[in-house]
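Asks: Take this structure, written in structure tokens, and hold onto it; I'll ask about it next.
The values are calculated or read from the model by the stated rules, or taken from the named source; none is laboratory data. Keep in mind that what you see is a predicted model, and the values were worked out from it rather than measured. Heads up, the Cβs are rebuilt from the backbone with ideal geometry, glycines too, and the neighbour counts pull from every protein chain shown. For the accessible areas, the whole protein counts, side chains as well, though only heavy atoms, and no ligand, DNA or RNA atoms are used. Shrake-Rupley method; radii C 1.70, N 1.55, O 1.52, S 1.80 Å.
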Number of protein chains: 4
Amino acid sequence: MGEAVEILLPTKESSLINGGIDQTVEQNGHQECCWYEEEIDDDLKWSFALNSILHRGVTEYQEIALLDTKHFGKALLIDGKMQSAEIDEFVYHENLIHPALIYHPNPKKVFIMGGGEGSAAREALKHKNVEKVVMCDIDQEVVDFCRRYLKANLEAFNNERLHLIINDAKIELERREEKYDVIVGDLADPVEGGPCYQLYTKSFYSGVLKPKLNHNGIFVTQAGPAGVLTHKEVFSSIYNTLKHVFKYVTAYTAHIPSFVDTWGWVMVSISSSLNASFTYENNLLTSYNQSSVLLNEKHVYTEESARFIHGHGKAYHG
Amino acid sequence: MGEAVEILLPTKESSLINGGIDQTVEQNGHQECCWYEEEIDDDLKWSFALNSILHRGVTEYQEIALLDTKHFGKALLIDGKMQSAEIDEFVYHENLIHPALIYHPNPKKVFIMGGGEGSAAREALKHKNVEKVVMCDIDQEVVDFCRRYLKANLEAFNNERLHLIINDAKIELERREEKYDVIVGDLADPVEGGPCYQLYTKSFYSGVLKPKLNHNGIFVTQAGPAGVLTHKEVFSSIYNTLKHVFKYVTAYTAHIPSFVDTWGWVMVSISSSLNASFTYENNLLTSYNQSSVLLNEKHVYTEESARFIHGHGKAYHG
Amino acid sequence: MGEAVEILLPTKESSLINGGIDQTVEQNGHQECCWYEEEIDDDLKWSFALNSILHRGVTEYQEIALLDTKHFGKALLIDGKMQSAEIDEFVYHENLIHPALIYHPNPKKVFIMGGGEGSAAREALKHKNVEKVVMCDIDQEVVDFCRRYLKANLEAFNNERLHLIINDAKIELERREEKYDVIVGDLADPVEGGPCYQLYTKSFYSGVLKPKLNHNGIFVTQAGPAGVLTHKEVFSSIYNTLKHVFKYVTAYTAHIPSFVDTWGWVMVSISSSLNASFTYENNLLTSYNQSSVLLNEKHVYTEESARFIHGHGKAYHG
Amino acid sequence: MGEAVEILLPTKESSLINGGIDQTVEQNGHQECCWYEEEIDDDLKWSFALNSILHRGVTEYQEIALLDTKHFGKALLIDGKMQSAEIDEFVYHENLIHPALIYHPNPKKVFIMGGGEGSAAREALKHKNVEKVVMCDIDQEVVDFCRRYLKANLEAFNNERLHLIINDAKIELERREEKYDVIVGDLADPVEGGPCYQLYTKSFYSGVLKPKLNHNGIFVTQAGPAGVLTHKEVFSSIYNTLKHVFKYVTAYTAHIPSFVDTWGWVMVSISSSLNASFTYENNLLTSYNQSSVLLNEKHVYTEESARFIHGHGKAYHG
């Protein structure tokens, strides 16, 4: 410590030292502080470490929080459930949007049911031939919250091709006269008491949605968990329901780490088969970075170059 | 309460009532008691509810526990990590064994490195043309533990076609003269300090393993986590390392809920291409029950027949 | 590993090795497996590590579990709340029973409201001049469960001076003609919806309980949490309510680690003041082992003999 | 929903609605978000719900965090351990400071070893006859952090009677010539590897501290956990060590909820007995608000006025 100096506080300058504190924090990768615990099921829960609680709010319809997590980056939670995480939301939103827009010969008008977060619109607007994206979410405050805090979507929210409507998606589709090339269902799962299970019914699909699709129209919807243990909850039922309304139906899935499950989507066409080759391409699409990583990997495993992982999954019994 | 009766305890008979207690427990599906918490990563952990702690032990090499979990059924944990869960271990073990044994024209001799749990042997022994399965695990006590407590594998452990060796898989392969049609790597991931990362090196594959494969020989190994966030840890490296030693190499993956991740396997042949059609069939195989469920689903979603799920993943903003 | 031996399983003898496993477990003091999580308050919960789940049941009135915890020894939980822990239940039960029985000149008849666990009776029966202990608990199955599994209380349950009644304590007191020297309230806190808050009311104390006390009679009741943050919940109210019914009232408290709080008791006399000297002696009583430890401590703190603790509470800023 | 209005985002004004969000948050007392988990012991941990993470830093010596907790109010954590919570820090600091300053006939000069948080100084400065409080803490950044963020201590930090020194308390005491009326040990427990266990040794007390006490001098130190399960860790040893150096020694304790334990202090005098009456007054002091609450309580428990608590501790078996 060297020789001590006696100081009266009012004269002390501490900003440098406090700067020093923050600096040290940056350097400290795995310093743990606080945890967010999410109930996955009655008998299963998980917790992820936080850097900070960025924003929280309660809207007319739901609770909303933006957390800075160590594992998943910034994470949007609605009603305590992981909604979208910086690190892997692209898996959900690319699978929701790109297959339909790639498959459609010339998509000009897109209607998104829900999607207030803005990420579905962001992906749709990447397609230059798209002239108009109508995004219809019921919750004004979620939209304001996401527009304000989700930097990745700010540009999309300000894009002139985006038309934002605050309304119930069913009511809005009914009152509109125009038809769409692609309609996207970016809605919550049909949770008991949730107000949106009506948007998954045969009568809605046949009576409201189908009439709003253009000649080559495609409808794609998120279809809930599709893992080996969960795909019977609603995924298989949504798929089957759509088969009763549309001739051409295909389903595909991808594992989303921050959802702790494999997720499912169902896509339908009113004009032509979404053939197997599509599914195949789509699988390439969804696993694109894995595939490319496999092909580009240069590392060779030797005693000297051994690459290790944080031990999880299979433990040693070799 | 009716009229109270005064009783001296020694004469009381309480077995019926205690029976009643247990009975009530059976009826009580979601009665919670205790939790097992597993660290998935430094900044991510999860907990699953337990019915009971069935057995625990510490061997020369590792800690081992058999838990009766509410969500995954009976679960085997080694060194605190989920090793195998009743509800989805088939996904891991079917992917490990069946593609290789289906693809090989006539597999007679199989060598399993590790696999002390017995499930890999169980799946291999389902192939009637297989005459001999050598299972070589280093940990006598894990083998004894699993043989004693994993009822699903008891028959396999007692099968006369199974030859169990307690030894280091590398030493054992070196000392043996016979060659094998299929060699299976059911080893731990190359965790730092773990004794088995040598079994993932180029020198082991080329110098020890390859010479023990017959003309049409196939080698398949579990290749660690292969999810969108984790496939670069070791999966891509194992794949690339094998490409330096074998001409025909293919990789495939499947999501395993109790591993909280998508898992990877790499399969190699010394004689002929493991072509795309294989991968395709294999994907059908791995997602067999999902596919069949989709095709066999009868439920149609209407307001009246609404099917709900325990809300997770996407929350409402429709 | 030395030279490997090839074995066919049916001939293997594994009991020795399994014995070895259990042995190793004994040696392994802090091997962690599973946790029990208890909600202390909406915004506060704690978890303790378990060795095993000994027994669980559901009775007509409540859920019950006996857990073997690492920190508190065997712990009895009712409706998910810590009820009694091997390591510190003596603090609760000695404070409940001994002050009253020491203070009463000649206690012969004791009535315990509740106390189905058997520990209150066990402490009362230690007083040789006590001729009869009536213990009246409403829950037959809890009594059976505790009698069967709480070894520390088995002798008390079999003691001929104990008269066990299964009935509501209020109804039972009303129907009885005999009076008691000491009545003990070993009841649950007046939790909303709980059936026993009536046993804390002024009308019960004056109309039912007081008439059943002999000339020198003493009534003592547990009075809920009495910590700096919690003593206003019910402790102060129970104390004040009793002051409206009895002339001589005193309160005392002790910290009970497994209750995560300081606990309170209120004692009343119908004949003579429970004077301050009592409270003082009683404080000596409750902190007896601390006091004796202080007086008997031989260790002197030097650099060489430094005694350390698992860091908790105040962190370094010396 | 009424009629929907089509809006282009750039013109939208959302501040009101966001204000609405925050407002709603205020109203929502028990909305849960995130948790802080603290390890109390290897086999015991607890978690408290957070409103927000206010500040975090890493200093040369320790990690520091200021959390806004739902249960304890603002809480200061050092190296992950609860250091001081808004709701009950007064129990610790009043017991540390007031008994010594009340007992001393005329305390003018006070030396605080440690105490960088500022709360000990705050309490000492409440005594108007105190002319000078020297507070000597080794960690400049903790002092800066607390001065900046602990509003309750800001006035104390700016008080002209406070002399703040950044130095090791032992070195500082040695280099000073002046003597003190009261010396206060507000140091960390002697945790293994912690730099301050030397400040608890016989040689320090006799060789360094005692010579710096004036004729009527008093030394008081926090003495670690003193609960029924923990008082042998260091409390009894500190007490006994001081008995080898000072003639007049007394110990006292109080339960501190946010420390999950009862805490201990030891006070010594070089001139006169700290008699029992002191201990008695002091107990009145430390439990002052409990006592006054008991005396002032007006509530009487009736069926109509029943007061309930969040069920914890004893569950129903009445």
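Asks: Between residue D:216 and residue A:271, with labels modelled 7 Å along Cα→Cβ, what's the label distance in nm to one decimal, could you check?
Replies: Taking the simple label geometry, residue D:216 and residue A:271 are separated by 10.0 nm.
Asks: Residue D:149 to residue D:174: extension gain in nm, 0.36 nm per residue of separation minus the Cα-Cα distance? Can you show the working numbers first?
Replies: Numbers: separation 25, 0.36 × 25 = 9.00 nm, distance 3.15 nm.
So the chain would gain 5.8 nm between residue D:149 and residue D:174.
Asks: Might you report the magnitude of the Cβ-based charge dipole of segment D:100-172 about its Cα centre, with Lys and Arg at +1 and Asp and Glu at -1, to the nearest 20 debye?
Replies: Details: 11 positive and 11 negative charges, 83 e Å.
In total the dipole reaches around 400 debye.
Asks: Evaluate peptide D:254-264: per residue, the Cβ atoms of other protein chains within 10 Å of its Cβ; return the mean as an integer. Present the calculation step by step, with values, prior to reporting the outcome.
Replies: Working: counts 3, 12, 6, 11, 3, 3, 7, 5, 7, 3, 2.
The mean count of partner-chain Cβ atoms within 10 Å per residue comes to 6.
Asks: Next up: Just counting partner chain Cβ atoms within 10 Å, what average do the residues of peptide D:81-90 show around their Cβ?
Replies: Partner Cβ neighbours, averaged per residue: 2.
Asks: Probe radius 1.4 Å, ligands and nucleic acids left out: which of D:93, D:215, B:163 has the largest accessible area, and how do the rest follow?
Replies: Largest to smallest exposure gives the sequence D:215, B:163, D:93.
Asks: Let me ask you something else. What does DSSP give for segment B:159-279 in terms of the percent of beta bridges that are antiparallel, rounded to the nearest 5?
Replies: Roughly 75 percent of the beta bridges in segment B:159-279 run antiparallel, per DSSP.
Asks: Based on Cα coordinates alone, diagonalise the gyration tensor for segment A:89-296, multiply each eigenvalue by 5, take square roots, and list the semi-axes in whole Å, largest first.
Replies: Details: eigenvalues 104, 87, 69 Å².
Computed over segment A:89-296, the values are 23, 21, 19 Å.
Asks: Now, a different point. When DSSP beta bridges are limited to those with both residues in segment A:89-296, what percentage is antiparallel, rounded to the nearest 5? Before the final figure, lay out each step's value.
Replies: On the way: 15 of 35 bridges.
Bridges in segment A:89-296 that DSSP calls antiparallel: roughly 45 percent.
Asks: What does the structure give for B:120-127 when I average, per residue, the other chain Cβ atoms found within 10 Å of the residue Cβ?
Replies: 0
Asks: In whole Hz, what ³J(HN,Hα) sequence does segment C:207-221 give by Karplus (6.51, -1.76, 1.60; θ = phi - 60°), x for Gly and Pro?
Replies: Running phi through 6.51 cos²θ - 1.76 cosθ + 1.60 with θ = phi - 60° gives x, 10, 6, 3, x, 8, 9, 5, 3, 8, x, 10, 10, 10, 9 Hz.
Asks: Still on this model: Students often check this: by mean Cβ neighbours within 10 Å, which of A:37-43, C:110-116 ranks highest, and how do the rest follow?
Replies: C:110-116, A:37-43
Asks: Here's a follow-up. Sort C:231, D:98 by heavy-atom solvent-accessible area, probe 1.4 angstrom, most to least.
Replies: If we order C:231, D:98 from most to least accessible, we get D:98, C:231.
Asks: State to the nearest 20 debye the size of the charge dipole of segment C:89-296 about its Cα centre, where the only charges are +1 on K and R beta carbons and -1 on D and E beta carbons.
Replies: For this selection, approximately 660 debye.
Asks: What shape does segment B:118-235 take by its C-alpha gyration tensor, where a ≥ b ≥ c are the square roots of the eigenvalues and a/c under 1.5 counts as rounded, a/b above b/c as prolate, and the rest as oblate?
Replies: Working: a/c = 1.55, a/b = 1.20, b/c = 1.29.
Oblate, because a/c is 1.5 or more while a/b does not exceed b/c.
Asks: So the label point sits 7 Å from Cα along the Cα-to-Cβ vector; using that for residue D:105, what distances do you get to the other copies, in nanometres, sorted shortest first?
Replies: List, nearest first: 4.8, 10.7, 11.0 nm.
Asks: Relative contact order for segment B:89-296: what is it in percent, counting Cα pairs under 8 Å that are at least 6 residues apart?
Replies: On the way: 372 pairs, mean separation 39.8, N = 208.
RCO, segment B:89-296: 19 percent.
Asks: Under 8 Å for C-alpha pairs, at least 6 residues apart: give me the relative contact order for segment D:123-227, rounded to a whole percent.
Replies: 26 percent
Asks: I've got another one for you. Could you tell me whether segment C:30-159 comes out rounded, prolate or oblate from its Cα gyration tensor? Rule is a ≥ b ≥ c as square roots of the eigenvalues, rounded for a/c under 1.5, then prolate if a/b exceeds b/c, otherwise oblate. Intermediate results must be reported in sequence, preceding the final value.
Replies: Values: a/c = 2.10, a/b = 1.84, b/c = 1.14.
Prolate, since a/c reaches 1.5 and a/b exceeds b/c.
Asks: Now a separate question. Step through the table entries A:70/A:128; D:132/D:210; C:170/C:210; A:81/B:70, compare each Cα-Cα distance with 23 Å, and write down the pairs that go over it. Don't skip to the answer; put the middle values down first.
Replies: On the way: A:70/A:128 35 Å; D:132/D:210 19 Å; C:170/C:210 12 Å; A:81/B:70 21 Å.
Where the Cα-Cα span goes over 23 Å, the pairs concerned are A:70/A:128.
Asks: Assuming a viscosity of 0.890 mPa s and a temperature of 25 °C, what translational diffusion coefficient in µm² per second does Stokes-Einstein assign to segment A:172-244, Rh being the Kirkwood radius over Cα pairs?
Replies: Numbers: Rh = 13.1 Å.
Answer from the Stokes-Einstein relation: 187 µm²/s.
Asks: Specify which residue in the list B:228, B:112, B:207 is farthest towards the positive end of the charge dipole of segment B:89-296, using unit charges on the beta carbon of Lys, Arg (+1) and Asp, Glu (-1), about the Cα centre.
Replies: The Cα lying farthest towards the positive end belongs to B:207.
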